[in-house]
Amino acid sequence: MNSKLTVNCEKSNLKLIREFLTDQLKTFHIKDENFCYLIVTAVDEACTNSFEHAHHFNREHSITLETYKENNEIHIDIFDPAPPFDINNFKCKGLAAKIECCDDGGLGVSMIQKIMDDIKIESIEGASLYKFTKKIPMN
Amino acid sequence: MRIEQIENERCVILRPVGDLDATSSIVMNEKIEQLFRKNKYNILIDCSELDYISSAGLGVFISHMDEIQEKKGKLIFTNQNSRVYSVFDLLGLNQLMTIVDTNETALNHI
């Protein structure tokens, strides 16, 4: 089953996105609560970065999320009208000695990289399609 | 999110209630800076009512760690549920920050 959510790029909609994802993940009957929580976190971070850096929280702009389960994998696609941001190759410039983080959204990107098993980014006529994949743990 | 605050002789306990995300992290940042202006550097973050923390929320605490250390203060997290702890663990922050089970245990660190 595919489910979609389109929201404008206001900060207050981040909670709406988290609630949508949490509800969707429940329909996949995954028992591991922390697993679901981290997926929600990764997508929240991606949307936060997009809202802030690509759309400057402009409520006239919107993104669309789509979730589905396929072959024991969870897929989350984010269609963003802004140009692509290369999540896979982003490296923190200000990597601190003891913590894996940096300023300007780097901590969030680091979280996405650590949580997701696969991130594909397609450029579609100046817009972006982020395709996140996470394998469901066997238990 | 709202922040409940309890002060005693040894520390200030901040209890965020709800989600600490890109929207509400501004409130937490302002709260901590208010404490700094009052020379209060022993801060206990009681996570018992914290449902969600994003990188923006974590960034607030990370950005104030140096000042707290310079002032010989303590920043201690307590009562984290497994979901919130999983984010600290993911980033290795559990190695860098003081996380204990209860507020009572935290007081032994101050």
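The values are calculated or read from the model by the stated rules, or taken from the named source; none is laboratory data. No experiment lies behind these values; they were computed from the predicted model shown. Note: ideal-geometry Cβ built from the backbone for every residue, glycine included; neighbour counts use all protein chains shown. With ligands, DNA and RNA removed, areas are computed over all heavy atoms of the protein, side chains included. Shrake-Rupley method; radii C 1.70, N 1.55, O 1.52, S 1.80 Å.
Quick notes on this structure:
- Cut-off 14 Å (backbone N to label point 7 Å along Cα→Cβ of B:PHE36), residues of the range B:74-110: B:74-75
- Given +1 at the Cβ of Lys and Arg, -1 at the Cβ of Asp and Glu and no other charges, the dipole of chain B around its Cα centre is 320 debye to the nearest 20.
- Chain B - mean residue ellipticity at 222 nm from DSSP helices (-39,500 (n - 2.57) per run, n ≥ 4, rounded to 500): -12500 deg cm²/dmol
- Beyond 28 Å in Cα-Cα separation lie the following of the pairs B:LYS31/B:LYS72; A:LYS11/A:LYS131; A:LYS15/A:LYS120; A:LYS15/B:LYS40: A:LYS15/B:LYS40.
- In percent, rounded to a whole number, the relative contact order of chain A is 27, using alpha-carbon pairs under 8 Å and six or more apart.
- Overall, the protein assembly as shown carries a charge dipole of about 460 debye about its Cα centre when +1 sits on the Cβ of Lys and Arg and -1 on the Cβ of Asp and Glu, all other atoms neutral.
- Gyration tensor verdict on chain A (Cα atoms; rounded if a/c is under 1.5, prolate if a/b is larger than b/c, oblate otherwise): oblate
- Taking only the Cα atoms of chain B, the ratio Rg/Rh comes out at 0.91, with Rh defined as the Kirkwood radius.
- B:ARG37 - accessible surface, heavy atoms, 1.4 Å probe, Å² rounded to 10: 150
- Per-residue mean of C-beta atoms belonging to partner chains within 10 Å, peptide B:82-90: 4
- Using a Förster distance of 25 Å, the FRET efficiency for B:ILE26-A:GLU33 (Cβ separation, nearest 0.05): 0.35
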